[in-house]
Amino acid sequence: MIKSSSRTAVPPGGEGARHQVVALVHAPQPTFELGCAAEVFGTRRPGLPAYYDFRICALRPGSVATTAGYTLHATAGLSALDEADTVVVPGWAPDAPLPEAIHGALRAAHRRGARLIGLCSGAYALAATGVLDGRRATTHWNRAADFAARFPRVEMDATVLYIDHGDVATSAGAAAGVDLCLHLLRADHGAGYAARVGRYMGVPPHREGGQAQFTAEAPPRRADPSLAPLLDWVSGRLGTRVSVAEMAARLRVSPRTLARRFTEEVGTSPGQWLLARRIAAACTLLEETDLPVEAVAARVGLSSATNLRRRFHDALGTTPAAYRRAFRHRSPVPPGNAGT
């Protein structure tokens, strides 16, 4: 589950200029959140356009201790934020004060139009600058109550994976940093590009559910096989009518057991997951093809243009035609099988 109040615009740049992403690191630096940003924005992949340049900076250049016991070396200081299109704060020690120099640099970057991203506990640093006042934000569910107490002017929503306001975005715990970063790729360059990057990373370009599925104690380990083969099988048949009963039969369980497994492992019901996959496939087709809405509906298994429009509006708050107008002008992606 996500919350997004506006589509994130790509900050302006010259013709052919790469989008500058700068991650601000600070001891003790969480390593996973930094890795999320580096993997999405900093890794070059064969056959995919390189739209981003990625680097790290710190309060002062030099060694930065991490939570994993090793040190990073930041070659740049805060002046690197002066040229950033996107500033990522990949985690922040919640009890650590925000140095005045970092406070000023983040505020200055935001004033000149840079996009500020707080991954997991990175929301603490953004909140300390005031840029989240009066707005919704998220962070790791285990820190939500503490965050809300420290920043009463920020509306904490611990149920979602990420929240994007366009100029400022925050993500939930750890792996939700990947969800937010891939969402930003989609916002900048379309669903097809984000899907291909996600495919290289071995993760879905959009993950259903919210943080609520992580707050309870983990269930005991089971001998049951993973749902992944079933999800792959259904995803390859979105153009056909696949019922929940058929999904259960393929897994050789009852529909009730399937529903329980989905709730435990995916965080939503089989029907809602399937509908979300159909909507996501429709988005890709609307962005990457000129197929009429009726044909898009048929390809993703929503039967008719009327049904697609209704489902699309319920899910995204807009129409397929309006979505296509908003996203068709985005940068082209290499040819491939749209909707897969």
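The values are calculated or read from the model by the stated rules, or taken from the named source; none is laboratory data. Bear in mind the structure is a predicted one, so any value in this text is a computation, not a measurement. Cβ atoms come from the backbone with ideal geometry, glycine included; neighbour counts cover every protein chain shown. SASA here: full protein model, heavy atoms, side chains in, ligands and nucleic acids out. Shrake-Rupley method; radii C 1.70, N 1.55, O 1.52, S 1.80 Å.
Selection of the range 114-154 for residues being open to solvent by less than 50 Å² (accessible area, probe 1.4 Å), part of a loop (DSSP other than H, G, I, E, B) and within 23 Å of Phe41 (Cβ to Cβ) yields Ala114, Cys120, Ser121, Val131, Leu132, Thr138, Thr139. Selection over the range 155-191 of residues that are in a loop (DSSP other than H, G, I, E, B) and of a type in the set (A, V, I, L, M) gives a count of 6.
Tallying residues that are surrounded by 14 or more Cβ atoms within 10 Å (Cβ to Cβ) and either assigned to a helix (DSSP H, G or I) or without any contact (Cβ under 8 Å) to a residue 24 or more places away in the chain (or both) within the range 85-95 yields 0. No other residue among Leu59, Leu98 is part of a loop (DSSP other than H, G, I, E, B), open to solvent by 30 Å² or more (accessible area, probe 1.4 Å) and touching a His at 6+ places or on another chain (Cβ under 7 Å) apart from Leu59.
Gly69 meets the stated requirement of being over 25 Å from the mean Cα position of the chain (by Cα), within 21 Å of Gly173 (Cα to Cα) and loosely packed, with under 15 Cβ neighbours inside 10 Å. When restricted to residues that are within 20 Å of Leu185 (Cα to Cα) and open to solvent by 10 Å² or more (accessible area, probe 1.4 Å), the range 72-84 contains 1. Quick check, is Arg309 open to solvent by 40 Å² or more (accessible area, probe 1.4 Å), in a helix (DSSP H, G or I), within 25 Å of Gly190 (Cβ to Cβ) and free of Cβ contacts under 8 Å to residues at least 40 places away in the same chain? Against the criterion (open to solvent by 40 Å² or more (accessible area, probe 1.4 Å), in a helix (DSSP H, G or I), within 25 Å of Gly190 (Cβ to Cβ) and free of Cβ contacts under 8 Å to residues at least 40 places away in the same chain), Arg309 qualifies. Of the residues making up the range 35-56, not a single one is at pLDDT 95 or above, under 22 Å from Ile163 (Cβ atoms), assigned to a loop (DSSP other than H, G, I, E, B) and under 25 Å from the mean Cα position of the chain (by Cα). Among the residues making up the range 253-272, those that are at pLDDT 90 or above and part of a loop (DSSP other than H, G, I, E, B) are Val253, Ser254.
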